[in-house]
Amino acid sequence: MKQFFPKMLIRLCAALCTLAGALLAGGILLFVPPGEAGNDAQQAEIREIETAARHYLDAEVKGDHKRIYECLAPSSPYRANTSYEIYLKEAQASPTRIVSYRIVNVSKVRDNDDRRRFPNIEKFAQVEVELVILFEDVRQRTEANYDFRFIKENGKWFKG
């Protein structure tokens, strides 16, 4: 009996190792490290921020002023104090246009820790973008790296 138990234990370990190897090779995880589920949620939120940034930047490239205005956070001081009509006049008078863009990074995603000062904002994020800007008045293009602030209000991301 003494000899039987170690042999059985060795066979059991070998069988478990073989099974674990087959499952891992097939892409099935036996163990999910702590915090991995949070990473999926964080990645989903980053995709939401990127989508909001693309929506805003695509509108800028197309000159779709109505959509640009809708992308601005409702609680932002600019949108709260500027009607669409006033914004439209300012936008049409500006000689600066975004010709193209590339989102480089989404970072600094964080909760709003100052609800007294910013009661409608749930979260903040920074979106780093490489831009090609056209100055129509002097017919000159330039490239710039710019950080846009995005904020989350009522479950939706807006340009801050």
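Bear in mind that the values in this text are calculations on the coordinates, not laboratory data. Since we're looking at a predicted model, the values are computed, not measured. Note: ideal-geometry Cβ built from the backbone for every residue, glycine included; neighbour counts use all protein chains shown.
Summary of computed values
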{"read-out": "Spin-label zone in region 140-160 - amide nitrogen under 12 Å from a point set 7 Å from the Cα of residue 55 along the C-beta vector", "value": "151-159"}
{"read-out": "Where only C-alpha atoms are counted, convex hull volume of region 46-160 per residue in Å³", "value": "98"}
{"read-out": "Cβ-derived FRET efficiency at R0 22 Å, residue 41 paired with residue 102, nearest 0.05", "value": "0.30"}
{"read-out": "24 Å Cα-Cα threshold exceeded, pairs from 108/156; 62/159; 89/156; 66/156; 62/123; 62/108", "value": "89/156; 62/123; 62/108"}
